[in-house]
Each structure stands twice: as C-alpha cells, then as structure tokens.
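Input: a single structure, listed below in structure tokens.
The values are calculated or read from the model by the stated rules, or taken from the named source; none is laboratory data. None of these values were measured; they are calculated from a predicted model. When we count neighbours, we look across all protein chains shown, and the Cβ atoms used for this are built from the backbone with ideal geometry, even at glycine.
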Amino acid sequence: MAGIVHRPGGGEHIGGGPSRVTIKATSVDTGGSLYLGEAVIAPGFPGPPPHTHDKVHDLFYVLEGTLTMLLDGETVEMEPGSFACVQPGTVHTFRNRTDAPVRFLNFNTPGGWENYMRDLDDLRSKGTPTQEEVGRIASRYGFKVVK
C-alpha cells in the first residue's frame with residue numbers, strides 16, 4: 001500500500017465509553033517506524049502508573065483539554081497545542097485531573113504500540129483486569145512500572 005487516509009473518526013477503535021483510542025497508523029502502515037493513536041480520556045482519568053519504556057519514544061500532542069503529565073519528576077499542565085517527547089528510560093505518566101475530556105495524539109517510535117493497545121483492550125473486554133495482568137501485558141512491550 002502506498003499510503004493510508006483516515007477521514008474524521010476513521011481508524012481502528014480501541015475501547016469505548018468516555019476513554020478510548022482510535023489507531024490512525026500502525027507499524028505495518030509505516031514500515032515499522034511509528035504508531036499514532038488519537039486518545040480521548042475522561043474527566044478524572046487516573047492514567048497509567050509512572051513508568052518507563054525500554055526503546056519507545058513516547059510523544060504527546062494535546063488537541064483539546066488539559067493533559068497533566070509527570071515527566072522525570074516534574075508535573076506539567078499541557079494545554080491545546082502543547083507537545084512532549086519522552087525519551088526511552090524517562091519516568092513519566094499522564095492523567096486528566098479536570099472536569100472535561102482531554103483529546104490528544106500519541107505517537108510512539110518505533111512502531112508496534114498498537115499491539116499493546118489491542119492486547120490491553122482484549123484483556124479489558126473480559127472484565128476488569130488486575131494490575132498484575134496489565135503488568136504482564138505491558139512487560140511484553142518494554143513498559144516498566146516504576147514504584
């Protein structure tokens with residue numbers, strides 16, 4: 001395939017309800033170079049635990065709302081138009097501590113993060129997963145929780 005186009009709302013939908021991800025580009029689409037997802041997180045969404053990635057650069061671009069990021073010990077309030085690039089090995093997390101949804105683009109390079117999102121969605125479709133179950137999936141993708 002020479003390219004992909006997703007119209008507004010197009011892409012692979014992961015999750016449902018007030019917090020969800022629409023996968024826009026996968027490692028298959030980009031020759032392994034990146035993953036792109038459009039995320040919407042609900043008001044009060046606690047986000048993942050503080051963590052690092054072995055090889056992934058984790059990039060965030062806020063479209064709507066205010067995304068609170070913890071980046072290497074510093075809390076940053078990211079408003080629309082804000083961008084963050086988290087390098088491998090850097091402790092980080094994000095959350096929505098406002099009363100409005102937050103919409104942002106999440107890029108990861110190299111690609112492959114879409115597989116984590118799919119595996120996590122599959123686990124959640126079977127009920128509320130334990131932190132241990134989520135941790136097992138995350139560890140397959142170089143996601144390490146920092147305690």
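Taken as a whole, the structure places E38 among residues that are in contact (Cβ under 8 Å) with a residue 40 or more places away in the chain, in contact with a strand residue (DSSP E or B) (Cβ under 8 Å, 6 or more places away or on another chain) and either among the aliphatic types (A, V, I, L, M) or under 17 Å from T109 (Cα atoms) (or both). All of (1) modelled with pLDDT of 95 or more; (2) more than 22 Å from I23 (Cα to Cα); (3) exposed (fewer than 15 other Cβ atoms within 10 Å of the Cβ) hold for G73 with one exception: (1). Is it the case, given these coordinates, that T98 is part of a loop (DSSP other than H, G, I, E, B), surrounded by fewer than 17 Cβ atoms within 10 Å (Cβ to Cβ), polar (S, T, N, Q) and at pLDDT below 95? Spelling it out, it is not the case that T98 is part of a loop (DSSP other than H, G, I, E, B), surrounded by fewer than 17 Cβ atoms within 10 Å (Cβ to Cβ), polar (S, T, N, Q) and at pLDDT below 95. Of the listed requirements (1) in contact with a helix residue (DSSP H, G or I) (Cβ under 8 Å, 6 or more places away or on another chain); (2) not in a strand (DSSP E or B), G37 misses just one: (2). Would the stretch 58-73 turn up any residue that is touching a Ser or Thr at 6+ places or on another chain (Cβ under 8 Å) and free of Cβ contacts under 8 Å to residues at least 12 places away in the same chain? No, there is no match, as no residue in the stretch 58-73 is touching a Ser or Thr at 6+ places or on another chain (Cβ under 8 Å) and free of Cβ contacts under 8 Å to residues at least 12 places away in the same chain. Within the stretch 43-66, the residues that satisfy the criterion of being assigned to a loop (DSSP other than H, G, I, E, B), touching a Pro at 6+ places or on another chain (Cβ under 9 Å) and exposed (fewer than 14 other Cβ atoms within 10 Å of the Cβ) are D54, K55.
Of all the numbered requirements in (1) under 14 Å from I23 (Cα atoms); (2) touching a residue at least 60 places away in the same chain (Cβ under 8 Å), V146 misses one, and that requirement is (1). Looking across V5, V28, one residue alone is surrounded by 12 or more Cβ atoms within 10 Å (Cβ to Cβ) and outside any strand (DSSP E or B). It is V28.
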